[in-house]
Amino acid sequence: MHATGTDPAPAARIRAARAAAALSREELGRRIGCSARAVRRLEDGGRPMTPAERARIALACGVPEWFLAHGWHGWERAASR
């Protein structure tokens, strides 16, 4: 279930990044300084991720921040800079 007014795509990108990094929710939470429950809420769209969380998740999962923020469409923006 998604919180009212939130975009479900960032939640899916968090799940994809975590899966690609072969991390459990518990391990991702440990690496970014939160609980597995907080990771689940982010992945389920229960609340949006903050810019600071986006940076920590990107670092922990080895993905660029723009992927978490914009998906593959962000690649076009990043490449044009």
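I'm trying to understand the selection: among the residues of segment 22-39, which are among the basic types (Lys, Arg) and under 14 Å from Ala55 (Cβ atoms)? Lay out the reasoning, then the answer.
Initial filter on segment 22-39 (among the basic types (Lys, Arg)): 25, 30-31, 37.
Across segment 22-39, the qualifying residue is only Arg31.
Inside segment 28-47, can you point out the residues that are surrounded by 15 or more Cβ atoms within 10 Å (Cβ to Cβ) and not in a helix (DSSP H, G or I)? Outline the logic, then answer.
Residues of segment 28-47 that are surrounded by 15 or more Cβ atoms within 10 Å (Cβ to Cβ), as a first pass: 28-32, 34, 38-39, 41-46.
Residues satisfying the conditions are Cys34, Asp44, Gly45, Gly46.
For segment 48-70, enumerate the residues that are part of a loop (DSSP other than H, G, I, E, B) and under 10 Å from the mean Cα position of the chain (by Cα). Step through it out loud before you land on a result.
First, the residues of segment 48-70 that are part of a loop (DSSP other than H, G, I, E, B): 48-50, 62-64.
Matches in segment 48-70: Pro48, Met49, Thr50, Val63.
Coordinate-derived values only; no laboratory data. What you are looking at is a predicted structure, and each value in this text was computed from that prediction instead of being measured. All Cβ positions, glycine included, derive from the backbone under ideal geometry; neighbour counts span all protein chains shown.
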